[in-house]
1. For the range 25-32, does any single residue satisfy the condition of being within 16 Å of ligand 2 (Cβ to nearest atom), without any contact (Cβ under 8 Å) to a residue 40 or more places away in the chain and touching a strand residue (DSSP E or B) at 6+ places or on another chain (Cβ under 8 Å)?
2. If I ask for residues that are under 21 Å from the mean Cα position of the chain (by Cα) and without any contact (Cβ under 8 Å) to a residue 12 or more places away in the chain, which ones from the range 53-63 would you list?
3. Tell me the residue from 99, 81 that is under 20 Å from residue 157 (Cα atoms), assigned to a helix (DSSP H, G or I) and either out of contact with any strand residue (DSSP E or B) (no Cβ under 7 Å at 6 or more places or on another chain) or not assigned by TED's automatic domain parsing to the domain that holds residue 1 (or both), please.
4. Please return the ranges of helices (runs of 4 or more DSSP H) entirely within the range 137-254 where 3 or more residues are crowded, with 16+ Cβ neighbours inside 10 Å and either at pLDDT below 95 or more than 15 Å from the chain's Cα centre (by Cα) (or both).
5. Which of (1) within 19 Å of the chain's Cα centre (by Cα); (2) over 26 Å from residue 235 (Cβ atoms) does residue 83 not meet, given it meets every other one?
Ligand code: G
Ligand code: G
Ligand code: MN
Ligand code: NA
């Protein structure tokens, strides 16, 4: 398949870039971190979404190569940003289910940190609920090993799968990201507000930092703040953008 061929050369040709989206602390209104999101500038098709090419990378076995490239690029860019602007931001990077199965993952993470000097506790790896549920015993082992490197771990898209917080409690997690489908309905649906309230309460009771994804309106942020949500991310604060746009990307919430 042509797109798969193209993906093989994309890393070499430097067509894969990382866009960064701010993570904002809801008490201080300050940017505390960024999530790095892959972007592919395809020479013919233009920007191809990771929603399209990550599955392709997984099917073709290119994911560990691309994942390593992503980690190296994002840690390098963030470490440079840190030196330039004296900003000690957290960097979040997504991992797919296949990457959790990859025996090279640990050394890839260790090397990216060593090469760039980014402190381990500034890197947060995001895994989805569904990735964890595929083989939870194996996933738990990998997460524990990553935790031993000193990196933080987040569960992403929470609420879209079928895991319970009781199951999550046995995993070495630091934060929980509420899926944006819930945030989108905040303010319109009382049921959603009840669900989000209980997710926040349960997650915080087991010591997790709670992050709301996909916050687009001041109203949603006001509700999230009232519910005690710790951090938020979304178009309201900024769209994913190149690293150099970061300082301008954040608009303070009310
Ligand atoms: O940025 P966008 O909304 O297009 O992302 C679509 C999906 O691709 C999201 O689920 C996001 O988590 C995923 N994604 C973005 N960057 C990466 C990456 O570097 N690795 C993996 N595994 N998934 C990514
Ligand atoms: O699955 P994950 O949460 O990693 O995916 C992140 C994706 O969510 C990115 O592709 C990003 O473009 C998208 N995203 C970030 N903020 C918003 C938002 O406020 N609204 C919507 N609709 N999508 C968002
Ligand atoms: Mn994510
Ligand atoms: Na998510």
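The values are calculated or read from the model by the stated rules, or taken from the named source; none is laboratory data. All of these numbers come straight from a predicted model, not from anything done at the bench. No Cβ is skipped: glycine too gets one built from the backbone with ideal geometry, and neighbour counts run over all protein chains shown.
1. So far as the range 25-32 goes, no, none of its residues is within 16 Å of ligand 2 (Cβ to nearest atom), without any contact (Cβ under 8 Å) to a residue 40 or more places away in the chain and touching a strand residue (DSSP E or B) at 6+ places or on another chain (Cβ under 8 Å).
2. Step one: filter the range 53-63 for residues under 21 Å from the mean Cα position of the chain (by Cα), giving 53-58, 62-63.
Once the filter is applied, which keeps residues that are under 21 Å from the mean Cα position of the chain (by Cα) and without any contact (Cβ under 8 Å) to a residue 12 or more places away in the chain, the range 53-63 yields only 55.
3. Numbers: 81 fails: under 20 Å from residue 157 (Cα atoms).
When all the criteria are applied, what remains is 99.
4. Ranges flagged: 180-185, 190-205, 218-226.
5. (1)
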